[in-house]
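One structure is given here, and the rest of the page talks about it.
Please treat every number below as a calculation from the coordinates, not as lab data. No experiment lies behind these values; they were computed from the predicted model shown. Cβ atoms come from the backbone with ideal geometry, glycine included; neighbour counts cover every protein chain shown.
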């Protein structure tokens, strides 16, 4: 049976948390066995996106190459054009899927409080996490700050213990526990990623 292979090129190491979200979408749209690799050993960002993409394709041959860039205040369409213009000239563009969260990856983790509570081991907590309405998530100036604040509150710890809490280590667990595509689909940037995956899978030949 054909195995669908995918590789993710991220902006930074913390953006590996995108892998479970990509897998969630693949689970929803294909019955094929698949493998998603996060590309390691790439040139630094200073080498340019073309060099990073070319190295990823060489080291991790795949059916789909997901290339991630955070929007960070830039129009997502312009980010996609930037990715497409960085694509190596001799490589077919039909393997590319652009991953452009608005404004940064952590925004996608704010759509559901359940995995945030579960990630810190307090699934039954009742403290208000201060999460924004779904319609406001993509306009947040700093989604990472909001997520880290929610993780801290979700612990239910007292003030002195909260000061020692390090949220960085928990955001990947939030991503692993995400299951609610209905909420994620409220975000335009996530719907766009899903549409690209659906189109690619429709064209995918065994």
| request: Once you've got the GNM for the chain with C-alpha springs shorter than 10 Å, pick whichever of 195, 150, 71 has the biggest mean-square fluctuation. | output: 195
| field | Angle between the chain longest axis and helix 49-59 axis [Cα atoms, degrees, rounded to 10] | value | 80
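Would you order 77, 97 from fewest to most other beta-carbon atoms within 10 Å of each residue's own beta-carbon? Kindly include the intermediate steps, with their values, before the conclusion.
Numbers: 77 12, 97 19.
Ordered from fewest to most neighbouring Cβ atoms within 10 Å, 77, 97 come out as 77, 97.
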| said: Starting from the 7 Å offset along Cα-to-Cβ, what nm value, one decimal, do you get for the label separation of residue 91 and residue 45? | reply: 1.9
| query | In a GNM of the chain with a 10 Å cut-off on Cα contacts, which of 113, 82, 138 has the highest mean-square fluctuation? | reply | 82
| GNM flexibility winner over the chain from 43, 20, 143 (Cα, springs under 10 Å) | 43
| Can you give the relative contact order of the chain as a percent, counting alpha carbon pairs under 8 Å and 6+ residues apart? | 22
| remark: FRET efficiency (residue 113, residue 199; Cβ distance; R0 22 Å; to 0.05) is 0.10
